[in-house]
Structure formats: structure tokens, C-alpha cells
1. Might you check whether a residue that is without any contact (Cβ under 8 Å) to a residue 60 or more places away in the chain, among the aliphatic types (A, V, I, L, M), assigned to a loop (DSSP other than H, G, I, E, B) and over 22 Å from residue 108 (Cα atoms) occurs anywhere in region 163-182?
2. Consider residue 1 against the criteria (1) assigned to a loop (DSSP other than H, G, I, E, B); (2) assigned by TED's automatic domain parsing to the domain that holds residue 140; (3) not β-branched (Val, Ile, Thr): it satisfies all of them except one. Which criterion is unmet?
3. Out of the residues in region 183-204 that are in a loop (DSSP other than H, G, I, E, B) and hydroxyl-bearing (Ser, Thr, Tyr), which is farthest from residue 221 (Cα to Cα)?
4. Go through region 188-220 and count every residue that is crowded, with 17+ Cβ neighbours inside 10 Å and free of Cβ contacts under 8 Å to residues at least 60 places away in the same chain.
5. Suppose the filter is modelled with pLDDT of 95 or more, in a loop (DSSP other than H, G, I, E, B), small (Gly, Ala, Ser) and buried (at least 20 other Cβ atoms within 10 Å of the Cβ); does residue 269 pass it?
6. Would you please name the residue that is surrounded by the fewest Cβ atoms within 10 Å (Cβ to Cβ), looking only at residues in region 24-48 that are in a loop (DSSP other than H, G, I, E, B) and of a type in the set (Val, Ile, Thr)?
7. Looking at 117, 136, 199, 160, which is the one that is under 27 Å from residue 43 (Cα atoms) and among the hydroxyl-bearing types (Ser, Thr, Tyr)?
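The values are calculated or read from the model by the stated rules, or taken from the named source; none is laboratory data. Note that the structure is predicted; figures quoted are calculated from it, not measured. Ideal geometry is used to build each Cβ from the backbone, glycine not excepted, and the neighbour counts take in all protein chains shown.
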Amino acid sequence: MTKFTTLVSTEQLAQHLDNPDWVVFDCRFTLTDPEAGRRAYTHGHIPGTRYAHLDDDLSSPITPTTGRHPLPDPELLAQKLGQWGVGANTQVVVYDDSFGSMAVRMWWLLRWLGHDSVALLDGGLPRWKRDKFPLSEETPVIKPTTFHAKPNRNAWVDASEVDAARRETRRRILDARPEERFTGEIEPLDKIAGHIPHSCNWSFEENLDLGGTLLPADELREAYLKVLAGQTPENIIHTCGSGVTACHNILAMEIAGLSGSKLYPGSWSEWITDPARPVETGEAGLPPDHHESGKGHLPCA
């Protein structure tokens, strides 16, 4: 059986809707309206889809020292995955309606727990609708199974590791937020604006074409080799607002054949909980080809 570990097309998913070894998750979520995704799911979703809620299912409760979406307890998530019918041989597909920016969280979480057979639906629900594939309002009948979690601690770093990394020239911190949030021009979600010093801005939207699908592997590889600036993937740390959209850049690097980069799950919203951690705003520097390329938004501090 072919294993999909990065992307599946709408055509490929449509061909497997009746395959009991495939499980699909609707991960639609709006940060400013946490119940919007669940409401949207009840009004129409890809047939057979389960709904996974970013706050309730894919995160732990917030504490004074965490970001907005702390990593879930691996055993609790494993129990939920089993209840959703995900076993060792299940091909998982995840989607949302926001270019994969929410669904990539579940993609990363499954890989963190040792389940590589998980892929993002390229183009998400908007592409599925454009291609005129079916929708349903029915809740699927699920046959529970057992999911064994094998968390990989090397897949992520904590704030102390990020603090050390920002001081090292061989490490590189990539921030997936929009440029105006990175520079501190606006901040709609967190109490403090700006970015981690010595980090670079690579918005997740740079991974997409105009139709909302991921760029081809060769284009992603060319772009990320410039972003990495000679560093190996293992020395790259991905961050964003709360450890969600940063996973989009990890996925893009995987597609590009640049495996091994790490996630800072707490991201900016955790970083700013400790007033001793430094904060920077503005653009401290740009790679030589930044303006010529017209792409990348890569302020490097």
C-alpha cells in the first residue's frame, strides 16, 4: 500500500473515501472564533470526516507559562486517535479551509507520536469544492481501535533551547507569521508585539501558489536552501504565534527533501510569558537578494 506522508490530492482522496484504512480529519478553526470550525463541520464536510478541535483535542490547557496552544498530552491524544479509528496501519488525511495553516498541527502531532502515514489535503476544502467532490452533513460511524503513541522528543525544542539557539550562528529560527506581526507593526492575538531576537521571517504563505496548493518540491527546495543560508535542516527551529502555522514550514521542508527541522511548540505566545526573555521589533537586516527576488519576507535579526 502506498504511504502518503506529506500531501494527497483531492483526486487521490476521492478515490479512497470508502477505504476503511483511510481516516480523514476536518481541522477547520478560527483563532478569533474557536467554535466556527465545529459549526462549519456540521453544515458540510468531506464524507466520513471526523472533526478535530485545535483547543479541545490538539492542545493542552493553557497555563501562565505556556503559549496559546501547548502540546497535548501524548497518551490522551493517543486515546482520542484510537476512538477516532486511527491504528498503526491507518492512512490519515487532514484538511482545513485556510491553506493548511490549522490542519498542519495535526499532521505534525501524528508524526511526533510516531505515525508517519499522515498527509495534508493539498488545497484543502476550497479545492475539494472547486473540484466538485461530494460533501456530507452526516456524522460518521466509527470503529474504535488502539493507537500506540511513541513520542519523539527530538522533534521539538523548548524555550531554553530557543534562547540558546538565537545566540548561535549555526542555528536559524524561522518565524511563520505574517511580516507585519513579525515586525511588530500589528499584533491581533498576543499581549506583546515583535519577534524573538535573531530570528527570520518566512511566512507560511510563501509555500503556496496562487491557487492555495503547495508549490512543487523543486521550487520549495530552491526557496528553502536560500532561507537556510548554508545551515542544515537539523539546525532549523520553526516558530509562529502558538506553534500551529509553524508546522506548515516544516511540511514544506519535508516536501523539499529537507527533513529534520524542529518545532518550538510554545512559540511567540510562550516566549513573551517570561519578561526576562528579550523581544525585538522591526527589520534588523535582509538577505542580499531579498528585494530582488520579491519573495520571502525574510527580515533577519
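1. Within region 163-182 (the criterion being without any contact (Cβ under 8 Å) to a residue 60 or more places away in the chain, among the aliphatic types (A, V, I, L, M), assigned to a loop (DSSP other than H, G, I, E, B) and over 22 Å from residue 108 (Cα atoms)), the answer is no, since none of the residues qualifies.
2. Condition (2) is where residue 1 drops out.
3. Here is the first cut: in region 183-204, the ones in a loop (DSSP other than H, G, I, E, B) are 183-194, 196-198, 202-203.
Right, trim to hydroxyl-bearing (Ser, Thr, Tyr) and you get 183, 203.
Numbers: 183: 26, 203: 16 Å.
Only one residue tops the list, namely 183.
4. Start the filter on region 188-220 by keeping residues that are crowded, with 17+ Cβ neighbours inside 10 Å, which leaves 190, 193-196, 198-204, 206-208, 212-215, 220.
This time we only want the ones that are free of Cβ contacts under 8 Å to residues at least 60 places away in the same chain, so: 207, 215, 220.
Matching residues across region 188-220 total 3.
5. Details: modelled with pLDDT of 95 or more: yes; in a loop (DSSP other than H, G, I, E, B): no; small (Gly, Ala, Ser): yes; buried (at least 20 other Cβ atoms within 10 Å of the Cβ): yes.
No.
6. Filtering region 24-48 down to residues in a loop (DSSP other than H, G, I, E, B) leaves 27-29, 31-32, 34-35, 43-44, 46-48.
Keeping just the survivors that are of a type in the set (Val, Ile, Thr) gives 32, 46.
Numbers: 32: 7, 46: 24.
If we take residues in region 24-48 being in a loop (DSSP other than H, G, I, E, B) and of a type in the set (Val, Ile, Thr), then 32 is surrounded by the fewest Cβ atoms within 10 Å (Cβ to Cβ).
7. Exactly one of 117, 136, 199, 160 is under 27 Å from residue 43 (Cα atoms) and among the hydroxyl-bearing types (Ser, Thr, Tyr), namely 136.
Residue by residue, here is whether (1) crowded, with 21+ Cβ neighbours inside 10 Å; (2) not basic (Lys, Arg) holds:
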position: 86; (1), (2): yes, yes
position: 98; (1), (2): no, yes
position: 101; (1), (2): yes, yes
position: 107; (1), (2): yes, yes
position: 125; (1), (2): yes, yes
position: 130; (1), (2): no, no
